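As structure tokens, the structure follows; a few thoughts come after it.
Nothing in this text is a laboratory measurement; each read-out follows from the coordinates by a stated rule. If you're wondering where the values come from, they're calculated on a predicted model, not measured in any experiment. Here Cβ is always computed from backbone atoms with ideal geometry, including for glycine, and neighbour counts include all displayed protein chains.
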Amino acid sequence: MGISEDAFAYALSSNQAWAGYKAHQNPDFFPRLAAGQSPEILWLGCSDSRCPETTILGLQPGDVFVHRNIANIISPTDINTSAVIEYAVDQLRVKHVVLCGHSECGGAAAALGDMRVGGVLDTWLTPLKAIRNANKDELNAIGDEKARAVRIAELNIDAGIKILMANITIQDAIRDRGLQVHGTLFDIGSGRLRNLGLGTGKGGHKHGSGGIHDAEVVRGNHGTLAMRIAEQKMAFPKSTFSSSMRGFRTTPRKSKSNDDELQSVPMSLTVLSDEVIRNLLDNLTHDEAECFQNVLKSALHEYSTATQAIEAGLYHQPPRTSSYSDRTGATTLFMPSMSPIGHGVKVVTLSSPHADSSLPTIKPTGSLTLYAPEGNPIGFLHAQTLTAFRTALASSCLLTKRANVRTLTVFGAGLQAYWHIRLALMLRGATIRTVNIINRQFSENAKQVLRELYAVPVEVKEREGWEEVQFSMLTPGYGEYNRLQKENIRAADVIYCCTPSTEELFDASILTNHEGRRKGRLIVAVGSYTKDMRELPRELLVQATRPHKHGHLHYHKHATEGGVIVVDSLDGALKEAGEIINAELEPKQLIELGELIMIRRLATEESISSRRSTEADSLSESIDKLDFSSPTSAMSTVYGTSSETGSISKRSSSQSPSRTRRGSDSGDKSGFHLPGFRHHKRTASSRSEKETQKHDEHLARWITSGNVIYKSVGLGLMDLVVGLEVVKLANAKNLGTRVENFVP
């Protein structure tokens with residue numbers, strides 16, 4: 001209901017009276033506010049007009065930094081909420097983060113029903129409906145509607161707290177300066193605020209436990225966590241809520257163990273064909289693509305750094321095994337993986353590059369089977385499109401950090417090439433102007449890639465910002481091939497290599513001579529997957545990892561080199577990546593993607609460019625001092641040594657290919673180290689904040705504008721994490737086939 005003109009006039013009049021009263025009461029009040037803010041509380045609440053945070057807390061303007069939305073939903077993919085959290089915690093340095101829900105919540109009531117609210121609201125409330133569905137037995141057992149609404153509000157707060165506790169900015173502040181995170185519920189009927197004992201104070205408060213025990217985590221829309229409760233105890237203040245507790249079970253179940261109860265819930269199996277998966281992923285919105293990317297980033301980071309292994313379980317990545325068939329000329333790959341959120345195995349068959357040419361070509365095909373943590377099958381997915389998409393999604397984690405993405409040059413015209421192009425357009429379409437495709441022949445695959453890109457609806461192209469992008473196709477049959485190939489490579493901001501090649505795709509000198517080094521590029525190689533294959537020239541990798549000589553007069557004109565090659569898996573790259581093996585690179589010259597993509601403060605291109613002219617010589621000197629004979633990595637020398645931080649990486653060059661990641665791993669001084677990562681412990685010898693910022697900016701300059709080479713051989717964890725997200729989105733959109741009660 002809108003505000004009438006009379007009501008608005010009254011509000012303006014009241015403001016004048018209030019301002020006059022405050023100025024008379026305390027003449028310094030408004031000048032102090034105008035001088036700046038230093039709130040100690042970040043309040044994340046509901047937009048409900050009956051829950052004004054400053055009023056119900058009895059505080060004043062300037063005391064609370066506020067963000068409110070309908071039903072106080074916290075989503076890791078909501079840039080609005082994320083910006084508020086980052087600013088309040090990083091810049092204002094608040095001491096408390098408070099997530100507050102309330103009784104009589106309209107959003108909670110709507111989520112409990114099945115009627116459509118209409119428009120955007122139905123989409124926004126999807127996470128609450130996911131919470132309802134995950135806890136339907138408990139909620140249905142509550143006879144009183146008000147008590148049921150209070151309970152789902154509590155579950156929503158608990159889900160939001162878990163997302164907040166997983167936020168990197170908040171985790172850093174908890175570790176570095178003792179930030180406190182609280183979950184609360186405001187009772188509109190009494191005006192009282194109840195502490196649920198969640199967040200950093202879980203289990204340590206006297207005012208109620210919040211009722212959450214032994215919960216299984218499931219994901220709702222927006223990446224929001226829903227909780228399926230196995231056992232609960234409630235601690236409502238009787239004076240406040242006793243009238244609304246009829247029919248609510250207040251004692252824990254004793255008849256079954258938690259495991260028995262979880263297993264007693266019938267589970268369905270989702271079956272997705274390649275066509276369904278292709279249509280689903282082709283029509284992702286920008287926000288949905290970012291959600292996929294964020295989930296994969298988090299999993300890769302946890303895998304590489306073991307940041308959540310103690311509480312959440314462990315990550316286990318057995319080595320990929322393969323079997324070759326003389327009859328078909330095909331290789332079958334078996335790729336298992338295990339994580340706290342589930343486990344899975346992918347089986348893929350494809351023609352071997354060395355197969356008899358008379359045998360039919362087998363395009364990569366296979367399936368991915370997904371299991372819940374307790375072992376129940378939950379998904380069976382065709383692997384063809386999924387594999388190409390998840391590989392491109394991992395590459396996009398570096399793409400979205402690049403300062404300049406105007407020209408793409410792509411080797412290959414298969415599914416890997418298509419999805420690298422498609423995701424680049426989806427995520428960076430507004431800046432891309434040219435896409436050059438280079439293929440060994442103008443094959444049917446090449447024609448199909450162009451047809452599919454041109455066939456994307458105009459409204460989608462306009463929404464993603466690439467309606468004027470120019471596409472070109474170059475093959476060796478063209479007379480000017482060598483010249484145009486060189487031009488396409490030199491012009492590229494991003495180079496994607498997506499072919500199962502057994503020889504280098506281009507001459508190294510194109511990028512290693514003086515002209516080639518003037519421009520920074522992201523170079524991604526994903527097509528080769530065995531030690532006998534290689535797409536990138538050896539000299540390119542050697543140069544990227546070579547210590548720079550003193551007195552190099554032209555170095556400041558060259559793009560920044562990081563001194564390392566980025567890989568998806570250290571073990572996989574050393575065992576299976578032909579380029580890495582051929583270049584004889586050592587573990588200290590490699591860094592896993594998961595160690596880079598969640599850097600807390602990646603300087604923006606604007607801040608980098610403003611310092612380039614004054615810091616170029618300083619950066620050159622730092623790189624000139626690299627010592628590759630040292631047991632510590634090259635990057636440690638540029639961005640800080642182990643002794644400076646008193647910590648070491650959890651990576652080990654001698655680690656078994658079958659890796660189990662736990663937070664208690666001891667680490668190895670020969671492992672890779674970068675300062676500023678969350679898994680590095682602080683000591684009395686830690687560098688100053690100014691030094692840390694300088695090192696972070698050096699690193700940011702390389703990632704955003706320097707020469708970055710990323711080599712991927714595939715990781716089962718990618719299939720597992722992305723596959724689970726595909727199943728979740730397909731179920732939300734009612735796509736595919738669901739076999740109900742597949743697990744009794």
Inset, instruction - Work out how much length Ser509 to Ala430 would gain on full extension: take 0.36 nm times their residue separation and subtract the Cα-Cα distance, in nm to one decimal. - result: 25.3 nm
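Gain in length, Arg68 to Asn283, computed as 0.36 nm per residue apart minus the alpha-carbon separation, to one decimal in nm?
On the way: separation 215, 0.36 × 215 = 77.40 nm, distance 3.03 nm.
Full extension of this stretch gives 74.4 nm more.
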Inset, instruction - Describe numerically, in nm with one decimal, the distance between label points set 7 Å from Cα along Cα→Cβ at Ser323 and at Arg463. - result: 4.4 nm
Inset, instruction - Sort Arg68, Arg406, Arg451 so that the residue with the fewest other Cβ atoms within 10 Å of its own Cβ comes first and the one with the most comes last. - result: Arg451, Arg406, Arg68
Legend entry - Environment charge of Thr502, counting only residues whose C-beta is closer than 11 Å and scoring Lys/Arg +1, Asp/Glu -1: -2
Legend entry - Span from the segment 1-59 Cα centroid across to the segment 414-452 one, whole angstrom: 54 Å
Legend entry - Distance in nm between pseudo-label sites at His354 and Thr123 (7 Å out along the Cβ direction from Cα): 5.1 nm
Legend entry - Neighbourhood charge, 13 Å Cβ-Cβ cut-off, centred on Val345 and excluding it, Lys, Arg +1 and Asp, Glu -1: +1
Legend entry - Per-residue ³J(HN,Hα) for segment 71-83, Karplus 6.51 cos²θ - 1.76 cosθ + 1.60, θ = phi - 60°, Hz, x for Gly and Pro: 6, 6, 7, 9, 10, x, 9, 7, 5, 4, 4, 4, 5
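With a cap of 15 neighbouring Cβ atoms within 10 Å, and only residues DSSP puts in a loop, list the trypsin sites (Lys or Arg not before Pro) found in segment 323-400.
Here the sparse-neighbourhood loop sites are Arg327.
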Inset, instruction - Mind listing the long-range amide H neighbours of Gly736? Cut-off is under 5 Å, sequence gap 5 or more, other chains count too, H placed in the peptide plane at 1.01 Å from N. - result: none
Inset, instruction - Count the net charge of all other residues whose Cβ sits under 14 Å from the Cβ of Thr328, scoring Lys and Arg as +1 and Asp and Glu as -1. - result: 0
Legend entry - Computed label-point distance, nm, for sites Ser14 and Arg175 using a 7 Å Cα→Cβ extension: 4.6 nm
Inset, instruction - Starting with the highest mean, order 516-524, 170-178, 477-485, 37-45 by the number of other Cβ atoms within 10 Å, averaged over the residues of each peptide. - result: 516-524, 37-45, 170-178, 477-485
Inset, instruction - Starting from the Cα-Cα distance between Phe30 and Ile79, subtract it from 0.36 nm times their residue separation and give me the gain in nm to one decimal. - result: 14.5 nm
